[in-house]
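Comments concern the structure below.
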Amino acid sequence: MRGLVACLRTGRALRDPRARTRSKPQGNVTADVVLSQRPADTADRTVPGHWEGDLIIGTGRSAMGTLAERSSRSTLLVHLPRLEGWGEGPAVKSGPSLGGYGALAMNAALTASRTRLPEQLRATLTCDRGKELSGHAEFALDTGTKVFFADPHSPWQRPTNENTNGLVRQYFTKDTDLSRWSADDLEAVTLTINDRPRKVVGWKTPAEVFAEQLLSLQQPGVASTD
């Protein structure tokens, strides 16, 4: 397992003994959405439409979402603006989350991002166990994307997304206030990352591979999303 971790861009070491990383339902993570319940074809990178997701955090508790498609390595950056009332007073315990990545705000932002894709390209989403996806059941109903959760402290179970986060950090470092950037700014960075040739896909760009996926959906025998 440590050899797999070394392949990640972060090179992050194991933080807990392996016994603690077994699939155990907890909080909003129920037995039917742990990683072991994910469809078998998710592991096959020849089947498009399976994604991995995460948050990256900036200064002042700012954040953005990152999504990476396992087959094409395409990236989507999710804009998470702070909500009205942020910073106008002290935080209220158990009050509304105004930082932009509470469960309701996260669901809305992810849904807007996901529904831009054809149905066949939004099959699953694998995330860590952050509370921002505690509304995953509603998100699944709204988008047709089934959410699964990696085991605790197991970044190697989301390797495409971990490596994508490393690329994104070249543009948005940890000392950056991510709330400064607009949705258009994130879209420009997304286009740049997806136009970067990648050895893992034969030196094509993720944009090229993703375009091929879209074209394949238009071939005879592929069900229409209309």
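The values are calculated or read from the model by the stated rules, or taken from the named source; none is laboratory data. Just so you know, these numbers come straight off a predicted model, no measurement behind them. Reconstructed Cβ throughout: ideal geometry from the backbone, glycine too, with neighbour counts over all protein chains shown.
Looking at segment 106-145, which of the residues that are more than 14 Å from the chain's Cα centre (by Cα) and of a type in the set (Asp, Glu) is farthest from LEU76 (Cα to Cα)?
GLU138
Answer yes or no: is there a residue in segment 202-219 that is touching a residue at least 60 places away in the same chain (Cβ under 8 Å) and among the basic types (Lys, Arg).
No, the conditions are met nowhere in segment 202-219.
Among the residues of segment 39-62, count how many are within 22 Å of MET106 (Cα to Cα) and either in a helix (DSSP H, G or I) or within 16 Å of the chain's Cα centre (by Cα) (or both). It would help to see each step written out before you state the result.
Looking only at segment 39-62, we keep the residues that are within 22 Å of MET106 (Cα to Cα), and these are 49-62.
After this cut, where a residue has to be either in a helix (DSSP H, G or I) or within 16 Å of the chain's Cα centre (by Cα) (or both) as well, the list is 49-57, 59-61.
Residues meeting the conditions: 12.
Please work out if ARG73 is at pLDDT 90 or above and of a type outside the set (A, V, I, L, M). Explain how you work it out, then say what you get.
On the way: at pLDDT 90 or above: yes; of a type outside the set (A, V, I, L, M): yes.
It is true that ARG73 is at pLDDT 90 or above and of a type outside the set (A, V, I, L, M).
I need the full set of residues from segment 124-151 which are crowded, with 18+ Cβ neighbours inside 10 Å, among the small types (Gly, Ala, Ser) and closer than 21 Å to THR164 by Cβ, in order please.
The answer is ALA150, and nothing else.
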